[in-house]
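The values are calculated or read from the model by the stated rules, or taken from the named source; none is laboratory data. What you are looking at is a predicted structure, and each value in this text was computed from that prediction instead of being measured. In this analysis, Cβ positions are derived from the backbone assuming ideal geometry, glycine residues included, and neighbour counts consider all displayed protein chains.
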Amino acid sequence: MKIQVILEKQSGNLWGRISYNKNLIIDSAATLHALEKKLRKALHDFHELDNIEFDYAYDLTAFFEEFSFLNQSKIAELSGINPGLLRQYASGVKNPSKEQANKIQSALRDVASRLRAIKISA
């Protein structure tokens, strides 16, 4: 079974939330691995679910922390968004609209597609 986990970064912790059978499960941990363990335990304890596959959706603060090697200014340029505004999204000062989030997601998927096509020669 695949369940979506929304990941957010706040106060130094990684927070995850799951909505399952009209129940909201929220927990936090210092690492993704530790958070995943806690969420699996909660799903087992409350819903007797095992063998869960998580589908992660990141807020921009958690995303840019997890993938810190990405250049925020370049992602902003590819998204057509002001770099200062994207940095505010990434730091959690502001939250993007659905339209802005879709622009960023589209740019990131384009980058991923381009990376998958790369061939390196020796």
Only listed residue being closer than 21 Å to Lys2 by Cβ and surrounded by 14 or more Cβ atoms within 10 Å (Cβ to Cβ), chosen from Glu66, Glu77: Glu66
Residue match in the range 45-54 (condition: touching a strand residue (DSSP E or B) at 6+ places or on another chain (Cβ under 7 Å) and part of a strand (DSSP E or B)): yes
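Here's the yes/no breakdown for (1) at pLDDT 95 or above; (2) over 25 Å from Leu35 (Cβ atoms):
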position: Phe69; (1), (2): no, no
position: Ile75; (1), (2): yes, no
position: Ser79; (1), (2): yes, yes
position: Leu85; (1), (2): yes, yes
position: Ser106; (1), (2): yes, yes
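Conditions (1) over 15 Å from the mean Cα position of the chain (by Cα); (2) outside any strand (DSSP E or B), marked per residue:
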position	(1), (2)
Val5	no, no
Lys9	no, no
Leu24	yes, no
Ser28	no, no
Glu36	no, yes
Residue under evaluation Leu39, criteria (1) assigned by TED's automatic domain parsing to the domain that holds Ile18; (2) without any contact (Cβ under 8 Å) to a residue 12 or more places away in the chain, criterion not met: (2)
